[in-house]
Amino acid sequence: MSYKILIIDDDTSLRRVLEYNLQEEGYEVIAAADGGEGLACFDEQQPDLVITDLKMPGVSGFQVLKIIREKAPGLPVMVITAFGAVETAVEAMKLGAYDYITKPFNRDALRLTVRKALEMRGLSEENRRLREELTDRAEFRNIIGVSRAMEQVFAIVRKVADTDATVLITGESGTGKELVAKAIHSLSSRRAAPFVAINCAAIPRDLLESELFGHVRGAFTGAVRDKPGKFQLAEGGTIFLDEVGDLPVELQPKLLRVLQEREIEPVGGAAARKLDVRVVAATNSVMTEACATGRFREDLYYRLAVIEVALPPLRARSEDIPLLVKHFAGRFGAPAVAFAPEALAALQGYAWPGNVRELENTVERLMIMRNGNLITREELPAKIGSETLVRRGRVVNLPPEGYPLEQLEREVVIEALERCGWNQAAAARFLRIPRHTIIYRMEKYSIDHQERKK
Ligand SMILES: Nc1ncnc2c1ncn2[C@@H]1O[C@H](COP(=O)(O)OP(=O)(O)OP(=O)(O)O)[C@@H](O)[C@H]1O
Ligand SMILES: [Mg+2]
């Protein structure tokens, strides 16, 4: 399928050059000579990408940008700025421009930026379509992420949600396990029935059995009446066993039995009772390790992990950070706040040991402490703002026989691009080099998107 690109520029020769270059790449190109004409073309032609000059007589590029952002929020708009006019570019990015190209422009840079923008477009379209299919189930929409890792998570969640399969959600602390568990419930046909969560690590082990399965009157001192357990309270719905890796060993056979027989035995009760409850569990411990050391029964692990949803740590999907930051800024009442490129780069370079929760808390604090509507790098907590702390441990482990520096450089560039979702501008910021340098390196080492598949 050929993509349609709309170019808006009052400079005839520049327009022609752009048109020529992009047509050579196989795109369908529509050109307009000013903002007014551009907007008319936009409505008529529904392009996949808009490239607009900023300074034009009549309707300015900024206005074009604003109007298109409103009409089609997911559509990438690239702006053309004069070489050296960084503030204008920043201004445009703040207004939601996807990227900018400087004139006179470099053919290869143009080609790569456009390709990247269209790829993003494909991705967010797909995202939007899939989410629309899921109508307005809030829990699912609140899980933010465009990285491939999160796309995979969405795909599994979508597939398993409306089944009765037991799901084990794994991931470091703060990666969104509870959010995903709720999403699974809310996307299932059990959504009208209760979602009952219980944290297996937070309840004293003596009480845990009765909390889970209930007890009958007289089961132990103080059991003055029958009490239903969480499983019973979740009847018809979903029970969420959080921190299941910490379930005491002596309770594990009981849980196994519930999963196998679909019935529970209250503490002190003679008769087992049938139950219709879907089980979703979560853990941040490495279960295979827990099984190997005997802390967790292997048979129970396999019963729980019929489907496993592994949530990636935030540092492995730094391309999601800008979106998350925006999402949280909006949540904390400051949707208009923007982040300076260096601030965003620092946020993307930080290791986030506390994952999304730590990012959420950081943004909340920033929204309270901020001086204005643009968050600068200086405003970030010291540990995030400073370069040195980003270095965790040894960055590379060189083999004893030596290693070619050029090869290493190539790998570093690829890794940076991957972390930034192949957005060159972001990858360049990440590596603290100008954008033309990364483009040059990509050409030099013949790096292109094919790398992804290797
Ligand atoms: N992808 C995401 N999009 C938006 N918000 C997220 C995302 N992931 C996590 N959060 C938010 O981060 C916080 C932590 O998420 P959650 O409680 O689900 O993590 P968890 O994996 O259960 O953590 P823990 O292991 O510490 O219990 C919550 O406020 C949640 O809303
Ligand atoms: Mg949790």
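Values quoted throughout were computed directly from the atomic coordinates according to the rules given, and no laboratory measurement underlies them. Model, not experiment: these values are computed from the prediction. FYI the Cβ positions are ideal-geometry reconstructions off the backbone, even for glycines, and counts take in every protein chain you see.
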TODO: Summarise the long-distance tail of P(r) for region 299-375 by giving the % of C-alpha pairs beyond 19 Å.
DONE: 41 percent
Open item on the list: With the cut-off at 26 Å, tell me which of the pairs LYS4/LYS116; LYS116/LYS182; LYS71/LYS159 have Cα atoms farther apart than that.
Closed with: LYS116/LYS182; LYS71/LYS159
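Explain nothing, just the number: dipole magnitude of the chain about its Cα centre with +1 on each Lys and Arg Cβ and -1 on each Asp and Glu Cβ, in debye rounded to the nearest 20.
800 debye
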Task: Percentage relative contact order, region 136-206, counting C-alpha pairs under 8 Å, at least six apart - done: 39 percent
Task: Rounded FRET efficiency, nearest 0.05, which uses the C-beta distance separating ALA82 from SER285 and R0 of 45 Å - done: 0.20
- [ ] Sequence neighbours fewer than 8 away in the same chain don't count; with that in mind, list the lysines whose C-alpha is under 20 Å from LYS254.
- [x] LYS227, LYS230, LYS274
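Please sort by residue number the chymotrypsin sites (Phe, Trp or Tyr not before Pro) in region 247-327 whose DSSP state is loop and whose Cβ has at most 10 other Cβ atoms within 10 Å.
When the chymotrypsin sites (Phe, Trp or Tyr not before Pro) of region 247-327 are filtered for loop state and at most 10 Cβ neighbours within 10 Å, nothing remains.
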TODO: For helix 148-161, report the angle its Cα long axis makes with the longest principal axis of the Cα atoms of the chain; keep it between 0 and 90° and round to the nearest 10°.
DONE: 40 degrees
Task: P(r) of region 76-120 over all Cα-Cα pairs, binned every 10 Å from zero, in whole percent - done: 29, 56, 14
TODO: For LYS444, list the aspartates and glutamates whose Cα falls under 18 Å from its own Cα; do not include residues on the same chain fewer than 8 positions away.
DONE: ASP108, GLU406, GLU409, GLU411, GLU415, GLU418
- [ ] Find the all-direction average of the projected area of the Cα convex hull for the chain, expressing the result in square nanometres with one decimal place.
- [x] 26.8 nm²
Open item on the list: With angles folded into 0 to 90 degrees, how steeply does helix 107-133 sit against the dominant principal axis of the chain? Use alpha carbons for both and round to 10.
Closed with: 40 degrees
TODO: Work out the length of the dipole vector of region 181-304 about its Cα centre, built from +1 on the beta-carbon of each Lys and Arg and -1 on the beta-carbon of each Asp and Glu, and round it to the nearest 20 debye.
DONE: 420 debye
- [ ] Mind checking which lysines have their Cα closer than 17 Å to the Cα of LYS326? Skip sequence neighbours fewer than 8 apart in that chain.
- [x] LYS94
Open item on the list: Using a 10 Å cut-off around each Cβ, can you sort THR175, THR81 from fewest to most neighbouring Cβ atoms?
Closed with: THR81, THR175
Task: Sites TYR20 and ARG432, calculated FRET efficiency, Cβ-Cβ separation with R0 51 Å, nearest 0.05 - done: 0.90
Task: Computed over the chain: relative contact order in percent, which uses C-alpha pairs under 8 Å that are six or more apart - done: 12 percent
Task: Paramagnetic label zone (point 7 Å from Cα along Cα-to-C-beta, ARG262; backbone N under 12 Å) in region 268-301 - done: 274-279
